[in-house]
């Protein structure tokens, strides 16, 4: 199992990232994902910057929808950790059990039809091409 780097034992470089996570998320909790990848500070820094930009920057996709997309992709990739953490995030932003059920149905259906389209090697309709 990967060692989790707690704030108290972290280097200044890691603490700077942890502090930014706390400020950005407006809470003091640093979850195990960040504590694990802190074993390689460049990966911690790079990953946090990407997640921060994608998940918190202003844009057309609202924060709840971003969490729902993250859950769907995580379910497709089989990432138990990300499903759990982003489900908690989505619930905090208003997702309820019905929404979660609909999301899982959409993700499961997309996975099924994707596999069928790939298996049958279906050519893309001209009208769908941009």
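The values are calculated or read from the model by the stated rules, or taken from the named source; none is laboratory data. A quick note: this is a predicted structure, and the numbers were derived from the prediction, not measured. Glycine also receives a Cβ, built like all others from the backbone with ideal geometry; neighbour counts cover every protein chain displayed.
Of the residues in the stretch 76-99, how many are touching a residue at least 24 places away in the same chain (Cβ under 8 Å) and over 23 Å from residue 36 (Cα atoms)? Counting residues in the stretch 76-99 that are touching a residue at least 24 places away in the same chain (Cβ under 8 Å) and over 23 Å from residue 36 (Cα atoms) gives 4.
Here is a yes/no grid of residues against (1) within 24 Å of residue 105 (Cβ to Cβ); (2) in the same structural domain as residue 105 (by TED's automatic domain parsing); (3) in contact with a helix residue (DSSP H, G or I) (Cβ under 7 Å, 6 or more places away or on another chain):
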site: 7; (1), (2), (3): no, no, yes
site: 10; (1), (2), (3): no, no, yes
site: 13; (1), (2), (3): no, no, yes
site: 25; (1), (2), (3): no, no, no
site: 32; (1), (2), (3): no, no, no
site: 41; (1), (2), (3): no, no, yes
site: 47; (1), (2), (3): no, no, yes
site: 68; (1), (2), (3): yes, yes, yes
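On the given criteria, is residue 36 surrounded by 12 or more Cβ atoms within 10 Å (Cβ to Cβ), in the same structural domain as residue 1 (by TED's automatic domain parsing) and free of Cβ contacts under 8 Å to residues at least 60 places away in the same chain? Criteria met by residue 36. The residue of the stretch 77-93 that is farthest from residue 108 (Cα to Cα), among those that are over 12 Å from the mean Cα position of the chain (by Cα) and assigned to a helix (DSSP H, G or I), is 92. Quick check on residue 58: is it more than 30 Å from residue 10 (Cα to Cα), within 17 Å of the chain's Cα centre (by Cα) and not in a helix (DSSP H, G or I)? When the stated conditions are applied, residue 58 passes them.
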